[in-house]
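The next block holds one structure in the form of C-alpha cells; read it before the comments.
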Amino acid sequence: MDKLTSILVVIDPADETRHVLVKAMVLARHFGARLELFLCDWEHAYALRHTYDPTGVEDARRLCLADGQRYLDSVRRSVAEDVVITTHTVCESPLYEAIVHRVQKSHPDLVIKSAAGQHPMRRFTLDANDWQLARTCPVPLMLTRGRPWSPTPRFAAAIDMADAEGGALARSILQTAGYFALGCRADLDVVYSERDPGASAETVARLDSLRRLINEFRIGGEKLHVLSGEAEETLPAFAAQHDYDALVMGALTHRRGLSALIGTLTSKLVDALECDFVLVKSDIYACPVTEPAREIGA
C-alpha cells in the first residue's frame, strides 16, 4: 500500500456501537480519504436463493435493497460532514464474495470490517466468512475490534523472511505498515521470529536480508525485534506484552486450503490479541473471485 484515498467500510446493522465506522473516520481524517459505506443483506439473499416458490423473489430483493439503503442513509446523516461518504447496498450471498465483488468494482485501497464471531469462552475469533475474506480480498483488509487506538497508536509489522514468494510479501507488509504508521503518526515495530536461532548460513542470510529490508524502508534498527523460535509460539505472547493497537501481517498461509489456515499463526494471534489486524497480500497475488455480483436496483 502506497496510498489511501478510498476506504470500503463494511457496515453491520447488528453493531450498535458502530466502532467500524468510528475507526474508518479516524483513518479518513488522517489520510484525507473518502469512505464508501457498504451493506450486504446476505441472509435474505441466501433465503431467496433457496426459496421453493420463486414468485415475488425479485420484489423481495428490491425491498431488501431499499431497507438497506435507508439504513445507510441514516448512518451517513449521523456522522460529521468533514469526510466524503458514499453508500452502496447489495443483496448477495455469501458475504465475502459480495465484498470482493464490490472491491473489484470500486477499487478501494483498504477494506475495513468488524471481526465477526465470538468464542464460547467470550474470546473474539473469526468466522468462516472472515477467513474466506482474508483469503480472497485483493486489497489490504483491516479486521477491527471495539477497542479505540491510543492517542499515539502502536503498530507492529510481523514478517517472515522465509516466505514462499521470495520476500514479496515481507516487502508488502513493511510498505503497508510504514504507510499506516506515517499517516497516523504511530510508533512502528518490526517483529520477526527466527525458527532456527543458530548460526547456519541460511539463518545469517535471512537476518542480513531483513536488515537490508528495514534499512530500505528507513526503519531504525532499534525498532526491529528478532525472536527465537516458531512464530506461532513466540509472537502471540510478545505482541500481547507490547499491547499493540494494530498488527500488520500476511493474510495467507503457505499451505493450501482453508483448513490449513485455521490453527496457524493468524488464527493464534486473532485468538490471543485484542488489537486490530491489517492483513496484507503481496503484489503478485491473484484474486480467485472473478464472477461479478448480480445486483438489482442497487
Can you tell me which residue in the stretch 190-219 is nearest to Leu269 (Cα to Cα), limited to those that are aliphatic (A, V, I, L, M) and part of a loop (DSSP other than H, G, I, E, B)? Ile219
What number of residues within the stretch 66-77 are modelled with pLDDT of 90 or more and farther than 22 Å from Asp127 by Cβ? 8
I'd like to check something: does the stretch 189-206 contain any residue that is farther than 30 Å from Thr5 by Cβ, out of contact with any strand residue (DSSP E or B) (no Cβ under 8 Å at 6 or more places or on another chain) and surrounded by 14 or more Cβ atoms within 10 Å (Cβ to Cβ)? yes
Neighbours by Cβ (under 6 Å, 6+ apart or cross-chain): first from the stretch 69-85, within 17 Å of Ala24 (Cα to Cα); second of a type in the set (Gly, Ala, Ser): Val83/Ala28
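The values are calculated or read from the model by the stated rules, or taken from the named source; none is laboratory data. Keep in mind the model is a prediction, meaning the values are calculated, not measured. Reconstructed Cβ throughout: ideal geometry from the backbone, glycine too, with neighbour counts over all protein chains shown.
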